[in-house]
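J.: There's a structure below that I have some questions on.
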Amino acid sequence: MGAAVKYERRGQIGVISVNNPPVNALSHAVRSGIVDALATAATDDSLAVVLCCEGRTFIAGADITEFGKPPQAPSLPDLLVALDSHPKLTVAAIHGTALGGGFEVALTCNYRIALTSAKVGLPEVKLGLLPGAGGTQRTPRLAGLPAAVDLITSGNPVSAERAMALKLIDQLADENLVERAIDYGNQLIEENAPQRQASALTFSLTVEDTDLIEKSRAQLVKRTRGERAPQRILDCLLAAAEGSFESGLKREREEFMACLADPQSAALRHMFFAERAAAKIDHLAKDIKPLDIRSVGIIGAGTMGGGIAMCFAQAGMAVTLVDMTDDAVNIGLEKIAKNYAISVKKGRLSTAQTDAIMANITTSSDFNDLGEVDMVIEAVFENLAVKKEVFATLDSICKPGAILASNTSYQSIDDIAAVTTRPESVLGMHFFSPANVMKLLEVVKGAQSSDLVIATAMAVGKKIGKVSVLSGMCYGFIGNRMLRHYGREAALCLMEGSTPAQIDSAMESWGMAMGPLAVSDLAGLDIGYKAREQLTAEQKGAPASYIVADRLVEAGRLGQKSGAGYYRYDPETRQRQEDPAVMTIVTEARRELGITPRHFEDEEIVNRLTLALANEGAKLLQEGIAQRASDIDVVYCYGYGFPRFRGGPMHTIEAMGLDKAVTLLNEFHDQLNPEHWQAAPLLTKLVANGGQLADSHRD
Ligand code: 3HC
Ligand code: NAI
């Protein structure tokens with residue numbers, strides 16, 4: 001049977017156990033091992049079969065690395081035919097996470113027993129796929145349509161207890177799973193239990209079910225912003241009700257193959273591996289053991305400090321939140337309490353949970369209270385002089401070995417570290433607003449930040465539920481440095497003839513969570529205005545790229561907070577509305593700079609904005625600021641609302657073809673501002689060599 005699958009007899013039960021670390025994915029060796037074991041069990045004198053797994057989990061799905069490669073028999077459908085038609089009773093014994101194809105294998109068994117700690121689910125939609133091994137046909141037959149829609153279109157796993165309530169699991173066990181599964185098998189034999197097959201159950205739609213499908217279709221169009229797999233899932237669920245099991249299965253296979261060939265799935269699978277790769281740091285000693293961080297000081301109880309405090313308190317760490325005065329820190333704490341009150345009201349957390357979280361936060365206006373903390377994160381005003389003063393104070397107060405991190409968006413970590421006697425302990429930990437919600441954390445390595453400090457920051461990020469990406473030191477780090485180019489092109493498209501509504505809706509239809517000008521309104525136009533005040537004319541760049549933003553601020557239009565910016569905002573609903581006053585400002589600015597407006601196609605807007613991002617990304621990659629192209633994609637999908645189904649800006653140009661991307665960059669260079677459109681040398685080199693971004697590292 002091979003090393004991946006073992007078969008042994010335990011009395012009248014045949015036990016098939018899978019051992020394919022790390023997650024028992026259904027790779028070829030596992031599929032063929034199970035098929036062989038089933039064949040043995042079919043002919044020996046066992047009366048029932050238990051299918052279980054060794055290691056940390058039941059089968060966590062198909063082997064994603066095999067997608068796109070030539071198929072190798074037996075396929076997963078072959079395996080399921082062997083399982084569904086097996087002459088003996090079959091029992092799946094589930095621990096850890098039974099996901100995707102793994103859960104579909106379990107659903108094909110006659111009975112299922114799970115540890116109470118187990119979770120089950122069909123997460124394929126998160127990979128741009130659908131359950132392709134009978135999941136869309138067996139789940140509604142066992143659990144009904146509403147549960148199937150929820151489980152398969154969300155992709156979120158459910159607890160074993162919930163799965164039992166949904167009739168997807170038959171028995172729970174607290175421990176000794178395999179022994180309990182054998183007992184269960186013996187009990188079923190004794191009871192002369194039938195070989196219950198989900199495939200044999202009849203299933204038809206009620207009027208409510210049909211309504212639910214239509215409602216879900218509309219909701220998913222809105223929520224998934226153009227993802228095709230969720231719609232295909234609904235088609236398969238409909239097919240489950242409209243025909244036989246076999247015809248439904250056939251439809252599912254067709255839709256699964258269509259998903260597999262869809263670039264959206266390629267992008268989402270890219271993101272799956274990108275997230276996991278981001279956690280790995282090249283050149284870091286394998287045996288490095290991150291420091292155990294239990295207590296954290298946060299300086300600045302404003303927008304970011306408050307959100308960061310919530311992240312740590314939720315992870316059970318002791319937080320000391322410090323601001324300049326008791327009043328300031330109390331205002332910050334009140335905002336945190338208000339946020340939690342909303343979570344309680346929405347039923348996301350219980351009062352007991354929020355009380356426990358709040359109990360992890362103590363407040364102070366005295367830096368001396370930070371003497372014993374393991375880590376400090378500074379989130380004071382974005383001003384180098386203020387930050388230097390804070391770090392000099394921290395240096396004199398904090399215990400040796402404490403990590404000193406800055407949440408700065410732009411300042412030099414090296415300049416900040418230079419005021420301390422321990423630059424090796426200083427680094428950037430750049431959170432995104434709102435910090436308690438956004439998943440991204442940029443860990444910024446200063447010239448002297450030690451490997452231990454970097455490894456610890458990455459581990460801390462994981463502990464508080466963030467996706468962490470390492471960035472080298474440069475102005476704006478990975479994300480904000482690229483964003484300047486994206487924002488510039490949005491502003492230039494507006495000046496050259498487009499409108500805020502066209503720009504934002506072009507980007508939103510393409511998949512961005514929010515268009516660039518609407519985002520500027522949300523963040524506050526005054527932030528960029530104040531930042532520009534500190535720059536020289538040369539640093540500010542082309543006047544056409546900021547003149548409208550300046551005029552809006554000067555007219556008191558600061559964005560959502562003042563009720564108007566690039567749009568007017570409904571005071572009740574905060575809905576944005578086009579505002580003719582903005583176009584008057586734009587027209588005036590065009591006249592002043594001698595720009596004659598022209599017609600814009602959405603495609604040009606999308607190409608200019610995404611290529612501006614990717615071209616700068618390629619420069620970051622070449623400079624070694626980003627470790628790998630996929631890290632940049634993680635930054636954009638988790639920090640800037642870039643659609644995961646496009647796979648991030650770097651995957652976008654890789655999927656488009658780097659040669660086509662460079663051709664477009666060169667066209668923009670010739671037709672637009674040539675300074676803005678110098679193709680990154682790395683891209684031209686890759687095109688010349690036929691290389692891929694995925695394999696590119698620093699020169
Ligand atoms: N195929 C191949 N490799 C996989 C894999 C899979 N299904 N699932 C996880 N891995 C790999 C990861 O890439 C990672 O590799 P690395 O160590 O080299 O980076 C390693 O296994 C460990 O994974 P995690 O770091 O994610 O481990 P966690 O313990 O944090 O999480 C997990 C475990 C919950 C199982 C998580 O890995 C997961 O969600 N996996 C994907 C599950 C999934 O999507 N299954 C459906 C697949 S599609 C399918 O089944 C189609 C079918 O319907 C036909
Ligand atoms: P904020 O103005 O909301 O809060 C800053 C807080 O720091 C205020 O409560 C202030 O009283 C306090 N403070 C100032 N000087 C201090 C000192 N010497 N000692 C103790 N407390 C002091 O600012 P915000 O938006 O929270 O930004 C903080 C930092 O986070 C900045 O460096 C900013 O660039 C960065 N950042 C901001 C993001 C945002 O979207 N707001 C996103 C990511 C990073």
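J.: Specify whether the C-alpha gyration tensor of region 564-621 places it in the rounded, prolate or oblate class, a ≥ b ≥ c being the square roots of the eigenvalues: rounded for a/c under 1.5, otherwise prolate if a/b is larger than b/c and oblate if not.
T.: Taking the square roots of the gyration eigenvalues as a ≥ b ≥ c, region 564-621 is oblate.
J.: For residue 19 paired with residue 254, estimate the spin-label separation in nm (one decimal), with each label point 7 Å from Cα along the Cα-to-Cβ line.
T.: 4.4 nm
J.: Which value in Å is the Kirkwood Rh of the chain over different Cα pairs?
T.: With all distinct Cα pairs of the chain included, I get 28.0 Å.
J.: Show me 273-279, 625-631, 98-104, 64-70 ranked by packing, highest mean number of other Cβ atoms within 10 Å first.
T.: 98-104, 625-631, 273-279, 64-70
J.: Still on this structure: With 10 angstrom as the radius, rank 245, 58 by how many other C-beta atoms surround their C-beta, starting from the fewest.
T.: Lowest to highest Cβ neighbour count: 245, 58.
J.: Which values, in whole Å and largest first, are the semi-axes of the equivalent ellipsoid of region 448-495 obtained as the square root of 5 times each eigenvalue of the Cα gyration tensor?
T.: 32, 13, 5
J.: How long are the three semi-axes of the equivalent ellipsoid for region 5-261, computed from the Cα gyration tensor as the root of 5 times each eigenvalue, in whole Å, largest first?
T.: Calculated on Cα positions only, the semi-axes equal 29, 19, 17 Å.
J.: Turning to a different aspect of this structure: How large is the charge dipole for the chain, taken about the Cα centre, if only the Cβ atoms of Lys, Arg (+1) and Asp, Glu (-1) carry charge, to the nearest 20 debye?
T.: 360 debye
J.: Another question about this same structure. Determine the gain in length on full extension of the stretch residue 372-residue 303; use 0.36 nm per residue of separation and subtract their C-alpha separation, reporting nm with one decimal.
T.: Contour length minus the Cα-Cα distance gives 22.3 nm.
J.: Between Rg and the Kirkwood Rh of region 493-559, both from Cα atoms, what is the Rg to Rh ratio?
T.: Rg/Rh for region 493-559 comes to 0.99.
J.: Separate question: Counting other Cβ atoms within 10 Å, which chymotrypsin sites (Phe, Trp or Tyr not before Pro) in region 387-461 have at most 15 and lie in a DSSP loop?
T.: 410
J.: In µm²/s, what is D for region 295-471 at 20 °C and 1.002 mPa s, where D = kT/(6 pi eta Rh) by Stokes-Einstein and Rh is the Kirkwood radius from Cα pairs?
T.: After rounding, the answer is 134 µm²/s.
J.: Taking a temperature of 4 °C and a viscosity of 1.567 mPa s, what whole-number D in µm²/s does Stokes-Einstein yield for region 553-699 with Rh from Kirkwood over alpha carbon pairs?
T.: Result for D is 73 µm²/s.
J.: Principal axis lengths of region 479-593 from Cα atoms, whole Å, largest first?
T.: 40, 30, 25
J.: In whole angstrom, note down how far apart the Cα centers of region 485-557 and region 574-624 are.
T.: Answer, in whole Å: 7.
J.: Follow-up question, since we're still on this one. Just to verify a number: FRET efficiency for residue 289 and residue 534, C-beta to C-beta distance, R0 = 41 Å, to 0.05?
T.: According to the calculation, E is roughly 0.50.
J.: Tell me, 397, 94, 342, 361 in order of fewest to most beta-carbon neighbours within 10 Å?
T.: Lowest count first: 342, 397, 361, 94.
J.: To continue, here is another question. Please go through region 444-531 and write out the chymotrypsin sites (Phe, Trp or Tyr not before Pro) that DSSP classes as loop and that have at most 12 other C-beta atoms within 10 Å.
T.: 475
J.: How far apart, in nm, are the 7 Å Cα→Cβ label points at residue 396 and residue 196?
T.: 7.2 nm
J.: Taking the Cα atoms only, what angle lies between the long axis of helix 326-345 and the longest principal axis of the chain, rounded to 10 degrees?
T.: 30 degrees
J.: Kindly rank 632-644, 345-357, 456-468 from highest to lowest mean number of other beta carbons found within 10 Å of each residue.
T.: Going by the mean number of other Cβ atoms within 10 Å, highest first, we get 632-644, 456-468, 345-357.
J.: Let me ask you something else. Give, as a single signed number, the net charge of other residues whose beta carbon lies under 11 Å from the beta carbon of residue 460, with Lys and Arg counted +1 and Asp and Glu -1.
T.: Charge balance in the 11 Å sphere: +2.
J.: Further, regarding this structure: Over all Cα pairs of region 79-159, how is the pair count split among 5 Å bins, expressed in % and running from 0 up to the last occupied bin?
T.: Whole-percent P(r) values from 0 Å outward: 3, 16, 27, 27, 19, 8, 1, 0.
J.: For residue 666 and residue 462, calculate 0.36 nm times their separation in residues minus their Cα-Cα distance, and state this gained length in nm to one decimal.
T.: Answer, rounded to one decimal: 69.4 nm.
J.: What is the angle, in °, between the Cα long axis of helix 477-496 and the longest principal axis of the Cα atoms in the chain? Nearest 10 is fine, range 0 to 90.
T.: Result, in degrees: 70.
J.: Only residues of region 456-496 count here: report those whose backbone N is under 17 Å from the spot 7 Å along Cα→Cβ of residue 583, or say none.
T.: Label zone hits: 493-496.
J.: Give the Cα extents of region 160-277 along the principal axes, in whole Å, largest first.
T.: Largest first, region 160-277 extends 51, 45, 24 Å along its Cα principal axes.
Computed from the coordinates by the stated procedures, all read-outs in this text should not be read as laboratory data. The structure presented is a predicted model; accordingly, all values stated were derived computationally and were not measured. All Cβ positions, even for glycine, are placed from backbone atoms using ideal geometry, and neighbour counts span all protein chains on display.
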